[in-house]
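Undergrad: Here it is: the structure, laid out below.
The numbers here are math on the coordinates, done by the rules we state, and not lab data. Note that the structure is a prediction, hence the values are computed from the model and not measured. Virtual Cβ from ideal backbone geometry, glycine too; neighbours counted across all protein chains shown.
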């Protein structure tokens, strides 16, 4: 008689929220760096010890993973919510933006209204796990050109700074270089956040997709051996873009733009 094999059921994966009442972005960063734990993170009532969680932080995306370390119990300070312990907090760096998550895992309806906690079914959970694994392996360099218009600022910056592996094929290096060049332009516009990085005015109009219209400008042209780097590209309104190319004082404008972008990138580095 054959001995029946017991197949271990894979633990569930829950998407939970990061915020003031749970522990914010800075706490997650400290927890990942120092091995901190908490005993009151809001999770589904049905969660079990050993389940996986992915923490979503608004404005960033899927920011960290962790494991549930204690059974959920009612939160006295938050009616109808259950808190549980979390351990083994690990950053997802750069975070997986909501746009990339939605395009990469189209069956995850939660992305349309990401203000709740949810427990995806096993197939979608596995797709999320794979996406997280790819992000940790490639650190954002896996985002391709088809996803650039959905990528978040941190993803675009990571891709803008990525370099093709020396072991990659000539074709792959060419694809990476082309995607990186496109990512730098997308990044400059995203960094501007709807306002010209030179004159400071709001974008002149909204595009059909509702996003502010700004343009990317290489301060020192690549053709003139300017670096293809975020510190050499600025997000500007069409008027400032034309000024940079045709104004009588364009050399002064170039100098001011370079100083402005260096300062912006230093500020950005300080927030990472």
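Undergrad: For the peptides 204-210, 255-261, what is the packing order when you average, over each peptide's residues, the other Cβ atoms within 10 Å and list the highest mean first?
TA: 255-261, 204-210
Undergrad: Sorted from fewest to most neighbouring beta carbons within 10 Å, what does the list 91, 30 look like?
TA: Ordered from fewest to most neighbouring Cβ atoms within 10 Å, 91, 30 come out as 30, 91.
Undergrad: With the contact rule set at Cα under 8 Å and sequence spacing of 6 or more, what percent relative contact order holds for the stretch 9-138?
TA: 27
Undergrad: With a 10 Å cut-off between alpha carbons and a GNM built on the chain, which of 139, 195, 34 moves the most?
TA: 34
Undergrad: Which of 251, 215, 265 comes first, and how do the rest follow, when ranked by fewest Cβ neighbours within 10 Å?
TA: The most exposed by this proxy come first: 251, 265, 215.
Undergrad: Any idea what angle helix 25-34 forms with the longest principal axis of the chain, computed on alpha-carbon atoms, 0 to 90 degrees, nearest 10?
TA: Computed tilt is about 70 degrees.
Undergrad: Kindly express, to the nearest 10 degrees and within the range 0 to 90, the angle between helix 122-138's C-alpha long axis and the longest C-alpha principal axis of the chain.
TA: The helix 122-138 is inclined about 50 degrees to the chain.
Undergrad: If you don't mind, another one. Work out, step by step, the length gained on full extension between residue 73 and residue 116: first 0.36 nm times the residue separation, then minus their alpha carbon distance; give nm to one decimal.
TA: Fully extending the segment from residue 73 to residue 116 adds 13.7 nm.
Undergrad: For mean projected area of the Cα convex hull in nm², pick the label among (1) 13.8; (2) 20.2; (3) 15.0 that corresponds to the value derived from the coordinates.
TA: Entry (2).
Undergrad: What is the list of residues in the stretch 182-215 whose amide nitrogen lies under 15 Å from a point 7 angstrom out from the Cα of residue 251, following Cα to Cβ?
TA: none
Undergrad: Determine, for 82, 187, the number of other Cβ atoms within 10 Å of each Cβ, and report the residues in order from fewest to most.
TA: Exposure proxy ranking, most exposed first: 82, 187.
Undergrad: Further, regarding this structure: FRET efficiency for residue 259 and residue 201, Cβ-Cβ distance as r, R0 = 25 Å, nearest 0.05?
TA: After rounding, the FRET efficiency stands at 0.85.
Undergrad: Which residue, 81, 129, 26, has the most motion in a Gaussian network model of the chain that connects Cα atoms within less than 10 Å?
TA: Its mean-square fluctuation being the largest, the pick is 26.
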